[in-house]
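What follows draws every value from the coordinates through simple rules; no lab data is involved. Here the structure is a predicted model, which means the values were calculated and not measured. In this analysis, Cβ positions are derived from the backbone assuming ideal geometry, glycine residues included, and neighbour counts consider all displayed protein chains.
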């Protein structure tokens, strides 16, 4: 099947099998390996990307189902915002919100969506939102700090829009 | 001390950039030209004879490149997986060591045992073909639990080991312990289970193997914590590939926790097969598959008794443990419930007599081996639960009974009755600190406040010590290790003064690229952005033993300092020549070599320039260049320790346990980077809380089917299961590592299960509850509360 | 995943025709259940009929006595719908408890209801409110919709187009999450319509069911008090490694109590 998907701001035209998952399309077809696969029950969140601005699990989406849509991955997060590092990426670095890095792309993509949807978030809001993102390394404490810091940084930017 | 980039600085991590931008290089990301995909077919039965395997239909399916079975490997002379640590029975005889082929040939011994390897153009094609392989299994009765395995008449996992016993090991002294018990005023007893866990790093295991026919050379990229050891074990013992023809690369690895520190069949088979089909092959574990093929952790059943005098002083400790080895011996399996367990049973106490017996047992389950803490969480859990039981029974305050029995700071170095000699520590200081920070004495008021909301609040204390910094060869070889566990570092100073460090440990989240740079920065007064830390590639890095057992800083860091000291020593020689002074008159300080008592000096850069340019260089007596290497075998384990306190709140209606607060005071020796140490503690504690409240690997006792083989049934702690934790470091210096570091990777996981369960028991103590097994799930807690309510009703 | 043909029809009748064409075609809404099932190779449909392009199947409409939700409306949309929250707060709350944020951005009410997972949340609201399932060809009452585990009254080619919930005088939903899966170990939806009460329980048995005992008790006195004397028989309830039937039976009453308390807190002043 032929699909046309806007990936990280660039139009991608491809002939793919309908059975191809979005995560496979990104990782195998487009060589965007920043999106990771950590489980097979759609629970861990390592594969989270944005589809038309909303965070979704790319391992549980058919690539053909996002035909005509816009997909942003971790590789495109900063680029589509026109910066070197998105404030959320920066916040993860400043707050030691990662250790092995495997859950990190999905965590950051999830956090950016959270920040956009949640004005004035609390620690509890963050912990609740991250139900769909599992980390085995950090114990979540610094991730929560990073998300709150990133959300604050996003808010102080123009209109809080990134 | 360089406050900005040296020791003690909470320097942000140098390695972060690639991870936060999605540019990490994990094994599953690797693509090689003409690469094929490999998939394993695994046994659906826990115990069965393989009567026949028919691959005819499967081999003809679309995209299939080849299908291999255990018989193919055997015919090609592929060896079995070696066990790198043998333990002895109490009578001195060696443990049973049944062979373990890389892939099952005649028999499968656990659900998940690999029986075929299918290589195809795509993963989906390989799976389709795997589904079409016909295997005639003769299903046999399975034995699952350790207690079932040792019952007379139980099914034998190995035909020639009818009692399923791998070893009967012991440590300590039976006679002195028996005497201590005869004199006891009180004996506290406990029976407990240490639940089986699945490590589940977020990155599933994977391997990419490529055989270069032109060079007759193999490369394998693997998710391993110890690439050099994989190279020697796999190359030498299994595949008979000469070491110079084999390159192992462990690139970015997404978490290990021990799960990735073993030699696995999948690595071997993928490597072997890449030559057979003359194409690179990639294999990536699926998560559910990982539950059935990653080595598991813990799984003990124990009974223990503590003998005390009338004041609450510990007189003796008796422990009997049955430990599950699984269906096969894993690389370090026998060592975990023996040397890393029994030898830790003194804890932080002066208990004079200890006797521990451990029976290692085979069952039709996945092999069991090290998982974060590896034996020390089990020892700490048992000991600290038993201390709480004794305190309750003798009506002694739980902190007071610990202080009464604690090794005093003045008693270090302290020789325990179980071989280990702790070099340094101050358990009482940790205890005092945690009681203060956690407001131990203010608990009663908080308990009342919870009660007003209908909740049961409990507080739990744990004081512990552990042995890590693996490992002093002299000691561990006497305990059955089959090789030394030293470490190595090369410090390569480039002509411009930038530095590349080649270190034999492996960084998979611990921040080595930053902390090791801090050490070199401290020593040489060079900014950390000029120092690159390289690891994981056996072609680049000299032989090292990898990362596990909290060894990287203690052993790797010390090797690094020794190599850096050699650089400085050479620099002194060069500077002496350049400054026309005696070597003894040269002092190296703040990046400069100076003649003592004068203002004449040469910078580090000047000296390095001379070493490569050979201008004003003593060519007659000194080799050019500025690169030094050190191999270091530690003289002892290191002994971090600490004291933790947790508070929980139980909802008696549902049995849910909420972890309200956690305070950890830990002595990890000198802290290189406080931010990194806190992160290690957060993560380690989270895993221990996981064991205490959430995680359990469950098998059906009859069929041997795993009932918890996905995240749907195996509960991984999420962000909303954990509070913010308070981390405090309380260092005493290790006497034998550079800078006195002790290591901190596992202490969180070691101290936390006992801390949390002690709190849960405390919350339920009014019901007469003296112990709760892990995980303390809502269902388990509700049942305890409900049963005791029923008992009350029955007596009314 | 095994290969299949993919269709994205633009009318309901087209979709029905595609589903009727072979018995190995499945409808795809959010995919939060179907795709994991296919990835685990527990289902291998030969054709997927994606309902995403069907017009008029999204949105929350409130009229007089009903909240009507289009079958393709996501859980996030229902959770965030001011109209839904004003009319039936418990419904919005329930939607916000499903899965996690990413699941809620894709999962749909039509998909949830048609799948009838015994631990899903929506069936409790559907049965608890006595909703009507509107399909491409008829309307089905909640009381006859859920027939068995993962089974409904729908024909294999029948598509849910909307779910119509009558607006109660008070309603509450309390969910006790299974810690690993975050599905409902037990979820209880309670609704009061005048003097009659409906109580629907999910997670505890092979399919969502009503409890006459709890309904009678609450009809007499819509507070948590009468529930102190109620107990549910464990027989017929699910037992697994997470919870046995006795514990589930206990949780049913606890969650019913909490649902009633929530309903009382949310109800509009009369």
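Most tightly packed first, judged by the mean number of other beta-carbon atoms within 10 Å of their residues, the peptides B:778-789, B:128-139 read B:778-789, B:128-139. The calculated FRET efficiency for residue B:415 paired with residue B:635, based on their beta-carbon distance and R0 = 22 Å, is about 0.90. What is the distance in Å between the Cα centroid of the range A:1-34 and that of the range B:149-225? So the separation of the two Cα centres works out to 44 Å.
Legend: P(r) of chain C from all alpha carbon pair distances, 10 Å bins from 0, whole percents, reading 7, 31, 35, 20, 6, 1.
Per the Kirkwood treatment, what hydrodynamic radius in Å, one decimal, follows for the protein assembly as shown from the mean inverse distance over all distinct Cα pairs? Across the protein assembly as shown, the inverse of the average 1/r is 32.0 Å. The orientation-averaged projection of the convex hull spanning the C-alpha atoms of chain B amounts to 37.5 square nanometres.
Counting alpha carbon pairs within less than 8 Å and at least 6 residues apart, what relative contact order, in whole percent, applies to chain B? Relative contact order of chain B: 15 percent. Note on residue B:620 and residue B:32: with the Förster distance fixed at 35 Å, the Cβ-Cβ geometry gives a FRET efficiency of about 0.10. Legend: mean number of C-beta atoms from other chains within 10 angstrom of residue C-beta atoms, peptide A:53-59, equals 5. Per-residue mean of foreign Cβ neighbours for C:177-185 is 6 (Cβ atoms of other chains, 10 Å radius). Distance from the C-alpha centroid of the range B:746-796 to that of the range B:629-648: 30 Å, rounded to the whole angstrom. Taken along its three principal axes, the alpha carbon spread of the range B:47-88 comes to 50, 23, 17 Å, from the longest extent down to the shortest. Three semi-axes describe the equivalent ellipsoid of the range B:647-783; taken as square roots of 5 times the Cα gyration tensor eigenvalues and ordered largest first, they are 31, 19, 13 Å. Each listed q (0.19, 0.20, 0.28 Å⁻¹) maps to a log10 I(q)/I(0) for the range B:305-362, found by the Debye formula over equal Cα scatterers with no solvent: -0.70, -0.74, -1.11. Based on the reciprocal of the average 1/r between different C-alpha atoms, the Kirkwood radius for the range B:189-342 equals 17.8 Å. Let me see the P(r) profile for the range A:1-46: every Cα-Cα distance counted, bins of 10 Å, each bin given as a percent of all pairs. For the range A:1-46, the pair-distance distribution reads 24, 52, 23, 0. Per residue of peptide A:87-99, the mean number of Cβ atoms on other chains within 10 Å of the residue Cβ is 5.
Helical content of chain B, expressed as a calculated mean residue ellipticity at 222 nm, amounts to -8000 deg cm²/dmol (DSSP H runs of 4 or more residues, -39,500 (n - 2.57) each, divided by residue number, nearest 500). Within the range C:83-153, the percentage of alpha carbon pairs spaced more than 14 angstrom apart rounds to 61%. If you take the square roots of the eigenvalues of the alpha-carbon gyration tensor of the range C:96-251 and sort them as a ≥ b ≥ c, do you get rounded (a/c under 1.5), prolate (a/b over b/c) or oblate? It is oblate, given that a/c is not under 1.5 and a/b is not larger than b/c. Counted by neighbouring Cβ atoms within 10 Å, the residues B:349, B:371 run from fewest to most as B:349, B:371. Residues considered: C:244, C:157, C:121. Largest GNM mean-square fluctuation over chain C, using C-alpha springs under 10 Å, is found at C:244.
Over all directions, the average projected area of the alpha-carbon convex hull for the range B:122-246 comes to how many nm²?
15.6
Shape call for the range A:29-162 from the C-alpha gyration tensor, a ≥ b ≥ c root eigenvalues: rounded (a/c under 1.5), prolate (a/b greater than b/c) or oblate? It is oblate, given that a/c is not under 1.5 and a/b is not larger than b/c. With one equal scatterer per alpha carbon and no solvent term, the Debye-computed log10 I(q)/I(0) for the range B:471-521 at 0.19 1/Å reads -0.76. When the alpha carbon gyration tensor of the range C:34-115 is reduced to an equivalent ellipsoid, its three semi-axes come out at 26, 15, 9 angstrom, largest first. Counting only alpha carbon atoms, the long axis of helix A:104-117 and the longest principal axis of chain A meet at about 70°.
So for the range B:724-796, averaging the separation of alpha carbon pairs under 8 Å that are six or more residues apart and normalising by length, what relative contact order in percent results? Rounded, it is 16 percent for the range B:724-796. Shape class of the range B:169-216 from the Cα gyration tensor (axes a ≥ b ≥ c, square roots of the eigenvalues): oblate, since a/c reaches 1.5 or more and a/b does not exceed b/c.
Using alpha carbons only, the radius of gyration of the range B:467-624 set against its Kirkwood radius gives Rg/Rh = 1.04.
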